[in-house]
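Accompanying notes for the structure given below.
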Amino acid sequence: SVTTLIFTFSLAVKLASAKQSESIIGLIEQQNIEAAFEELRELQKGKAKLTAETQMLMGMLYIELGQPSKANEYFEKILFSSTEMDDVAYAGMAQAELMLGNVSMARELAEEAFKRNPDSVQNKLALASALSEQSIYSRSEDLFRSAMNGSRKSTLAGRKFAASLIRRNKLDEAEAVIKSTLIKQGEDGPVLALYSELEWERGNQEKSTEL
């Protein structure tokens, strides 16, 4: 029937869009910003308004570019355009506020995101990062580990956890997290750059430049 055909086509479009979004998120996480922008342009092509999905991806891009205020603008728009993505918006805003130094606000937003969707890796990372900044290390580390376990090919959770440990000067623990990430999620540029930073912190400049 026509209704079945329309439904099947609509489902196929949604699946294609989800696959493309996943690809863009992967590029952002690997800090391949130029390629992410190109794919994002393709995703938005032919659409008059920015979809909630595109707003999310734009927010993530600006986080990666170190422009939290700009990122916040996109995440806030999601709250007005898609109730299904509220938790994504809150997690993104939490990351932005953390970068701006507003730790209490970041924690509040991250708790809201986590409450709405406790299974999301991004929500766990947003809350873990905020808690770490507030020196609530036990819960923070539990969330980081849970996010790592929930990650497939992405090294983001491992990198964020290791970076938080490096800031606390827990270099041996950070190395263990990086090695675990390399084994489970594989090798990419950002995780090797972090490993290089770790060795530099230890005073192993020669090893640092080899990575």
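Taking segment 122-138 as the range and being touching a helix residue (DSSP H, G or I) at 6+ places or on another chain (Cβ under 7 Å) and outside any helix (DSSP H, G or I) as the test, only Gln134 passes. Number of residues in segment 118-133 that are open to solvent by less than 60 Å² (accessible area, probe 1.4 Å), of a type outside the set (Ser, Thr, Tyr) and within 22 Å of Asn169 (Cα to Cα) equals 6. Scanning segment 183-211 for residues that are free of Cβ contacts under 8 Å to residues at least 60 places away in the same chain, under 17 Å from Gln31 (Cα atoms) and out of contact with any Leu (no Cβ under 6 Å at 6 or more places or on another chain) yields a total of 7. Among residues of segment 8-46 being in contact with a helix residue (DSSP H, G or I) (Cβ under 8 Å, 6 or more places away or on another chain), within 23 Å of Ala157 (Cα to Cα) and of a type outside the set (A, V, I, L, M, F, W, C), the one that is modelled with the lowest pLDDT is Gln20. Can Phe80 be described as open to solvent by less than 20 Å² (accessible area, probe 1.4 Å), outside any loop (DSSP other than H, G, I, E, B) and free of Cβ contacts under 8 Å to residues at least 24 places away in the same chain? The answer is no for Phe80. Residues that are surrounded by fewer than 21 Cβ atoms within 10 Å (Cβ to Cβ) and touching a helix residue (DSSP H, G or I) at 6+ places or on another chain (Cβ under 7 Å) within segment 161-191 comprise Ala163, Ile166, Leu171, Glu173, Glu175, Ser180, Leu182, Gln185, Pro190, listed in sequence order. Applying the condition of being over 13 Å from the mean Cα position of the chain (by Cα) and open to solvent by 20 Å² or more (accessible area, probe 1.4 Å) to segment 48-65 and asking which residue is nearest to Ile28 (Cα to Cα) yields Glu53. When segment 98-117 is filtered for residues that are open to solvent by 30 Å² or more (accessible area, probe 1.4 Å), of a type outside the set (Lys, Arg), closer than 17 Å to Ile136 by Cβ and within 17 Å of the chain's Cα centre (by Cα), the ones remaining, listed by number, are Leu98, Glu111, Glu112, Phe114.
Considering only residues in segment 139-160 that are touching a residue at least 60 places away in the same chain (Cβ under 8 Å) and either in a helix (DSSP H, G or I) or open to solvent by less than 80 Å² (accessible area, probe 1.4 Å) (or both), the one that is nearest to Met105 (Cα to Cα) turns out to be Leu156.
The values are calculated or read from the model by the stated rules, or taken from the named source; none is laboratory data. Just so it is clear, the structure is predicted and the values come from calculations on it, not from any experiment. So basically every Cβ, Gly included, is an ideal-geometry build from the backbone, and we count neighbours across all protein chains shown. Surface accessibility is based on the protein's heavy atoms, side chains included, excluding ligands, DNA and RNA. Shrake-Rupley method; radii C 1.70, N 1.55, O 1.52, S 1.80 Å.
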